[in-house]
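No lab work stands behind these numbers, since they all come straight from the coordinates. Note that this is a predicted model, so its numbers are computed, not measured. We place every Cβ from the backbone using ideal geometry, glycine too, and count neighbours over all the protein chains shown.
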């Protein structure tokens, strides 16, 4: 494994800070701008918010117009029922007028002729009178003026009927002579005149009210029509602007999509090139290495008898170097493949994963005194094989860099700081590293220890970082010389495409 | 006189061929090895044409096939062999530098009988070639010869 144990305070921290800064600039609108320039404010909104606010305006417009129209319609409706009442009132007044005339006439005819038929006619009016008044009061209710007139009318009618009743009584007591004058002039001429006057006034009042209401209804209706027209125009304008916004957005998106596709094609081409490059490396670079080692071995065999100790060591070094370069090439190919290989996302049980890794490492663990602390780990979303490599590298590093400790302590734990990501760490009490070099820790072929201290080419942590980045996560490490190291892997809880 | 069936080694790189031969020598089977330097030569041998027109009849006991060769590459040779009823039964062992998944997948899909990555370290290379030679040339029983008259 590789250059594990060195520190690295992370690059991820600075990245976070940057991205946080960016968001702040985007998302917080400046209040003073909002009022000095609504258009600028509008432009600062995202397309979704623009559309939302446009629709909000349309909605409010429709609401206001609906409310005003409803109120107008109610006014027209109330007016129309009032009109009906007025018409009924006018009709009733005419009926009363006629009835009272009839009472007077029948009464006089009776006085003169003594014919009971006329008396019956008169009495039926007397009987109807309270009904007339009751209807009249009902229809006139609501207008003080009209109510007063109804009262006056009632009194006049009572007086007329009373005077007539009195005359009939006189006739019954004193015969026609006693009432002759009354019969000729009429018993309640003044009252009847007053009744005609009041009825005329009431009719005039109602007709005036009717005329007023007709005018009001007409005005309200015109108002409604204008409002609806304005509303329709407003909605058209807003719909047009929403259409414009959406169209503008779609055009923009299409442009971005095309740009993305173009870049994707470039990237794919570059990837293909890289693939054929590593293919060539795999085939062609290994061959000469094989030859170096092969011919060095053949040479040793051919001159075995005459080979000095020094010459033998040279030949061994040639072979060892060739072998080492072969290892470096293999590591580089794995690293390259790790970046290109397709990811198979599943739900990964980290507890099972760690268990399997410890089982695989059991040979390396023989003869070692290691105190393991494995916390209960959560499930994560990711490529099982790749995540296995991540934790295999981290745990193997921990085992490797604690090899100089009489009693090694290795902890695999979880640190859930927020809902965005799950942080898993591997901590050891090994040789640690100097935090000054932490930035180099995850680099390809970077080692913080000499080869004769700890073996490895220095690819392991580079693979860890590459895999974790492909999962949308981040890595960092903390440590101090001779005080152990902690390696952190933060995986997002939300799935992120790679 | 019984002529032992030959082992066919397809290897374009003379150094690789020499190293392989050195390994075969240790196993004492080098005299049975016929080296072809590209895919076309392998096919010439199998179909008894070109410079192999006059060779004695019979299929090799095994073919060690490199992937990357001039003219006709290893996969094309493999495809031809496995597509020919007379040649299909010859065991073919891919002997290559490539550990690429794509090569592995394609080789097995075309019917390769084994796939061996040449180790960089000579001792491992020697022991790999020796074991292959011993297994396919000695231990393994080759398929019975198809009647040539059928052709």
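Between region A:432-479 and region A:94-124, what's the alpha-carbon centroid distance in Å?
Computed from Cα coordinates, the inter-centre distance equals 124 Å.
For chain A, take the longest principal axis of its alpha carbons; what is the angle in degrees between that and the long axis of helix A:460-470, to the nearest 10 within 0 to 90?
20 degrees
Among DSSP beta bridges lying fully in the protein assembly as shown, give the percent that are antiparallel, nearest 5. Intermediate results must be reported in sequence, preceding the final value.
Values: 26 of 46 bridges.
Expressed as a percentage, antiparallel bridges in the protein assembly as shown total about 55.
With a 10 Å Cβ neighbour count serving as the proxy for reagent exposure, in which order, fewest first, do B:37, B:123 appear?
Values: B:37 18, B:123 13.
Listed from fewest to most nearby Cβ atoms, that is B:123, B:37.
Helix A:189-280 versus the longest principal axis of chain A: what angle, 0 to 90°, nearest 10, using Cα atoms?
Once rounded, the angle reads 10 degrees.
Over chain A, what is the mean sequence separation of C-alpha contacts under 8 Å (at least six apart), divided by residue count, expressed as relative contact order in percent? Intermediate results must be reported in sequence, preceding the final value.
Numbers: 598 pairs, mean separation 119.5, N = 498.
Once divided by the residue count of chain A, the mean separation gives 24 percent.
Classify region A:271-419 as rounded, prolate or oblate from the Cα gyration tensor: take a ≥ b ≥ c as the square roots of its eigenvalues, call it rounded if a/c is under 1.5, otherwise prolate when a/b beats b/c and oblate if not. Don't skip to the end; give the middle numbers.
Values: a/c = 3.97, a/b = 1.59, b/c = 2.50.
Since a/c reaches 1.5 but b/c is at least a/b, the shape of region A:271-419 is classed as oblate.
Given the options B:57, B:82, B:130, state which has the largest fluctuation in a GNM of chain B using a 10 Å cut-off (strictly under) for Cα springs.
Maximum among the listed residues: B:57.
Give the angle, between 0 and 90 degrees and rounded to the nearest 10, that separates the Cα long axis of helix A:144-185 from the longest principal axis of the Cα atoms of chain A.
Around 20 degrees separate the two axes.
Per the helix-only calculation at 222 nm, which mean residue ellipticity applies to the protein assembly as shown, given -39500 (n - 2.57) for every DSSP H run of n ≥ 4 and division by its residues, nearest 500 deg cm²/dmol? Can you show the working numbers first?
Numbers: 18 runs with 402 residues, N = 649.
The per-residue figure over the protein assembly as shown is -21500 deg cm²/dmol.
Which shape class, rounded, prolate or oblate, goes with chain A when its Cα gyration tensor gives a ≥ b ≥ c as root eigenvalues, a/c under 1.5 marks rounded, and past that a/b bigger than b/c marks prolate? Walk me through the numbers before you get to the answer.
On the way: a/c = 6.51, a/b = 4.51, b/c = 1.44.
Prolate, because a/c is 1.5 or more and a/b exceeds b/c.
If packing is taken as the mean number of other Cβ atoms within 10 Å per residue, what is the order of A:392-400, B:101-109, B:66-74, highest first?
Working: A:392-400: 23.6, B:101-109: 14.9, B:66-74: 19.9.
Top of the packing list down: A:392-400, B:66-74, B:101-109.
Determine the distance separating the Cα centre of region A:379-429 from the Cα centre of region A:183-225; give it in Å without decimals.
About 99 Å separates the Cα centre of region A:379-429 from the one of region A:183-225.
Determine the shape class of region B:7-136: with a ≥ b ≥ c the square roots of the Cα gyration tensor eigenvalues, call it rounded for a/c under 1.5, and otherwise prolate if a/b is greater than b/c, oblate otherwise. Numbers along the way, then the final one.
Working: a/c = 1.58, a/b = 1.14, b/c = 1.39.
Because a/c hits 1.5 or more and a/b fails to exceed b/c, region B:7-136 counts as oblate.
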